[in-house]
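Every number here is computed from the coordinates shown, using simple stated rules; none is lab data. Given the structure is predicted, the values throughout are model-derived calculations rather than measurements.
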Amino acid sequence: MRWVPIDEVVRDIHIRDAREEGKGAGEAKKAFEVARKTLAEGLSADIIKKCTGLDKEDILALG
């Protein structure tokens, strides 16, 4: 078993958390992009909500 200094463990945890946060932000950005495009094409906010998981109010605010 290899012992790792606590500062390396904490650093690795922060890096992992930052990556997960960035991934979540990217997914949300993509959902809004899809919502904006499909709303412009005439899809209803209810259908867009089902497909993207975004709130209907957020979708309607895009239009």
Rounded to one decimal in Å, the inverse mean reciprocal Cα-Cα distance for the stretch 1-43, i.e. its Kirkwood radius, is 13.0
Diffing the stretch 47-63: the Karplus 3J(HN,Hα) column from phi (6.51, -1.76, 1.60, θ = phi - 60°), in whole Hz with x for Gly and Pro, holds 5, 4, 4, 4, 7, 9, x, 6, 6, 4, 4, 5, 5, 5, 5, 6, x
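Determine the relative contact order of the chain: mean sequence separation of Cα pairs under 8 Å and six or more apart, normalised by residue count, in whole percent. Mind dumping the intermediate values first?
Details: 29 pairs, mean separation 17.0, N = 63.
Computed over the chain, the figure is 27 percent.
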Relative to the chain, whose Cα atoms define the longest principal axis, helix 6-40 and its Cα axis are tilted in degrees, nearest 10, by 10
